[in-house]
2 protein chains.
Amino acid sequence: MTNPVLVEVTRGGMVESFHRGAFALVDGEGGFVASAGDVGRPVFPRSAIKVFQAIPLIETGAAAAFGLTAAELALACASHSGEDGHVRQVGAMLAKAGLDAPALECGCHWPFDPPVARELARRGERPTPLHNNCSGKHAGFLCTAVHLGEELRGYVERDHPVQLRAKSAIEDLVGEELTSDACGIDGCSIPTFAAPLRGFAHGFAKLVSGRGVPPERASAGRSLIEACMTHPWEMSGTERFCEALMAAAPGRVFAKTGAEGVFCGALPELGFGFALKIDDGATRASEALAAAVVAKALRHEDASLAARFDDLATRTLRNWEKREVGEIRVTELR
Amino acid sequence: MTNPVLVEVTRGGMVESFHRGAFALVDGEGGFVASAGDVGRPVFPRSAIKVFQAIPLIETGAAAAFGLTAAELALACASHSGEDGHVRQVGAMLAKAGLDAPALECGCHWPFDPPVARELARRGERPTPLHNNCSGKHAGFLCTAVHLGEELRGYVERDHPVQLRAKSAIEDLVGEELTSDACGIDGCSIPTFAAPLRGFAHGFAKLVSGRGVPPERASAGRSLIEACMTHPWEMSGTERFCEALMAAAPGRVFAKTGAEGVFCGALPELGFGFALKIDDGATRASEALAAAVVAKALRHEDASLAARFDDLATRTLRNWEKREVGEIRVTELR
């Protein structure tokens, strides 16, 4: 099955490039509210399901034992921009568990956001593991392992209890067994398991609707989602699209990007979850489509709020002299 | 027509993302040596045809009048990285025509290559129009306008003689009339006209084979292509893919990237030209495909050289801890 063209990039009135993909918007029973493309093909969810991976941080009692704040829970679900505030708060999280940066096994990278990276360079600094966009998730993993008295070294490996707990939570939410033949290594060295988009969408719908999961698991998921919606900057960063989506409807929309064109999210009031993947992995397209899927979910509930997300789904493109040269827009989703 | 999948990105043994596209590899008569996908659909060539746009710089006598060096001709065809050497040489080119940076109408941007941008930031500097990847092309436009005594202001506009001359050279090479309904504004504010890939490929083949164009035009094109092959760093930059392609077969392969997944090139010995476009605009895919197209062109001529380009067509992907996580590879082109 060839996925449909869902996002177009225009120049001078012509379509210059286009992106194919698939999305699933589902309710608590897993029924489709809307969908397009092949939502049964296994895809790697990458960072878009950090909420699922952080569930054991709550369920084991580690978050409560170390007195993690809502902002710190948001960081545990974050792909943050490595800004000063992110780095400082992840350091504080690790300190609550008696650890510091060298315990992290996520690796180092310059912040993805060019202005943040240039500011670091301007100060003559270099990135540390705390700057890694996944450092908050890793701090959460480490807090859990410390709380349970587990060996810390190798906490990123597939057979470490930290990763086995995350896998078990994901399997429960997605409703699929995650097997080694569908396993890859993520950018930050932890395993990532491929599963169908409809499963990831259903997992988010289960958490916000409370259907099909034990109440404790739904409660853990909801506190993480709530923390992200309250602290969107902590889970993303300045001028990031996840922040823009959540700031457009405070407390009503959760949205999380993942590498290679993945986006997941939830609409707690409606009990809906969604998941999408752009075939070619382009973030510009996954962002536009995420906004359009939220708009579609809200269309009959709140037309004016839906219109705000329609606006976010279209982006005017300007060149270096700020001249308008085209736009990024979503097709066929109204 | 849906273009075929030409490039795959894998993770853990599965295909995570994939790129569709089209390419044309043609001889001096415009006959197909190889092709895939829809090569008749108009696409914006963007920076991949800077050689065509620089032809008037030679044909008007401006390059000779100002004594432009081969390195400066390569800069006139460049999408350079904005490194110190590029900035200095473009400044020198402008000075030969009695101009400096404020004459440029290309706009400013931070160098695309993150290490180059960070080094600039580290020194507390900011980009000037000389850092714009197109500044060499614009310096070439200005040299021509000065040489012919034309008004300089507005040299980027579609109806300025500078752009009309470039358009006329492109129409001759591509064999199509370029109309205003197929015109967009490029990143550096000059017009870019959409035309079929087979036309761009044929244009490069005409220049290197000398067929189907007046000898003076072929000669102008060949001196530019020769200059780029002799000075690949000037027309791209440190660790750039254009440089890698040309360094792999000095004097035997010309290759030039363009925005939104376009790549053009030529094999002078064989008299072939090629042009390709990735539907979704991804550079990682256009680079891999360009190497594979060159490999295909060389397969029967020089198998060991072809193997070098096959190697360039595949890239191992490593994560932040340098662990191998997957690869980018070209499908179906052997």
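The values are calculated or read from the model by the stated rules, or taken from the named source; none is laboratory data. Quantities reported herein were computed from a predicted structural model and do not represent experimental measurements. Don't worry about glycine lacking a Cβ; one is built from the backbone with ideal geometry, like all the others, and counts go over all protein chains shown. We work out accessible area using only protein heavy atoms, side chains counted, and drop any ligands, DNA or RNA first. Shrake-Rupley method; radii C 1.70, N 1.55, O 1.52, S 1.80 Å.
Of all the listed residues (A:L68, A:L120, A:L104), the sole one being at pLDDT 95 or above and in contact with a helix residue (DSSP H, G or I) (Cβ under 6 Å, 6 or more places away or on another chain) is A:L104. Only one of the numbered conditions (1) on the phi > 0 side of the Ramachandran plot; (2) open to solvent by less than 10 Å² (accessible area, probe 1.4 Å); (3) in contact with a strand residue (DSSP E or B) (Cβ under 6 Å, 6 or more places away or on another chain) is violated by A:G37, and that is (2).
Scanning segment A:146-185 for residues that are under 14 Å from A:E105 (Cβ atoms) and crowded, with 24+ Cβ neighbours inside 10 Å yields one hit, A:V162.
In segment B:306-330, of all residues being in contact with a strand residue (DSSP E or B) (Cβ under 8 Å, 6 or more places away or on another chain), in a loop (DSSP other than H, G, I, E, B) and within 14 Å of another protein chain (Cβ to nearest Cβ), the one that is least open to solvent (accessible area, probe 1.4 Å) corresponds to B:N319.
On inspection, B:F18 qualifies as touching a strand residue (DSSP E or B) at 6+ places or on another chain (Cβ under 8 Å), farther than 30 Å from B:C183 by Cβ and in a strand (DSSP E or B).
Out of A:A292, A:A227, one residue alone is more than 24 Å from A:V90 (Cβ to Cβ) and small (G, A, S). It is A:A292. Suppose the filter is within 25 Å of A:G31 (Cβ to Cβ), open to solvent by 60 Å² or more (accessible area, probe 1.4 Å) and modelled with pLDDT of 95 or more; does A:R252 pass it? Yes, satisfied.
Restricting the search to helices (runs of 4 or more DSSP H) fully inside segment B:49-160 and requiring at least 3 residues that are more than 14 Å from every other protein chain (Cβ to nearest Cβ) and out of contact with any Asp or Glu (no Cβ under 7 Å at 6 or more places or on another chain) gives B:50-59, B:62-65, B:70-76, B:84-96, B:135-147. Tallying residues that are part of a helix (DSSP H, G or I) and open to solvent by 50 Å² or more (accessible area, probe 1.4 Å) within segment A:295-305 yields 3.
Criterion applied to A:K296, A:K277 was being basic (K, R), closer than 17 Å to A:R198 by Cα and within 14 Å of chain B (Cβ to nearest Cβ), and the one residue passing it is A:K277. Candidates A:A266, A:A275, A:A292: the one that is assigned to a helix (DSSP H, G or I) and buried (at least 21 other Cβ atoms within 10 Å of the Cβ) is A:A292. Would you call A:V9 within 14 Å of another protein chain (Cβ to nearest Cβ), under 26 Å from A:P268 (Cβ atoms), crowded, with 19+ Cβ neighbours inside 10 Å and among the β-branched types (V, I, T)? For A:V9, the condition - within 14 Å of another protein chain (Cβ to nearest Cβ), under 26 Å from A:P268 (Cβ atoms), crowded, with 19+ Cβ neighbours inside 10 Å and among the β-branched types (V, I, T) - is not met. Just one of (1) basic (K, R); (2) more than 14 Å from the chain's Cα centre (by Cα); (3) assigned to a strand (DSSP E or B) fails for B:K256. It is (2).
Just to be sure before I move on: is A:P56 within 25 Å of A:D181 (Cβ to Cβ), open to solvent by 40 Å² or more (accessible area, probe 1.4 Å) and in contact (Cβ under 8 Å) with a residue 40 or more places away in the chain in the structure I sent? In short, no. Which residue is nearest to the chain's Cα centre (by Cα), if the candidates are limited to segment B:117-126 and must be of a type outside the set (K, R) and surrounded by fewer than 19 Cβ atoms within 10 Å (Cβ to Cβ)? Across segment B:117-126, the extreme among qualifying residues is B:E119. All of B:V26, B:V51, B:V7, B:V43 fail the test of being of a type in the set (V, I, T) and under 29 Å from A:T179 (Cβ atoms), apart from B:V7. Taking the criterion of being open to solvent by less than 10 Å² (accessible area, probe 1.4 Å) and outside any helix (DSSP H, G or I), the residues of segment A:197-247 that qualify are A:S236, A:G237.
If the condition is being of a type in the set (A, V, I, L, M) and open to solvent by 10 Å² or more (accessible area, probe 1.4 Å), then segment A:12-33 contributes A:M14, A:V15, A:V33.
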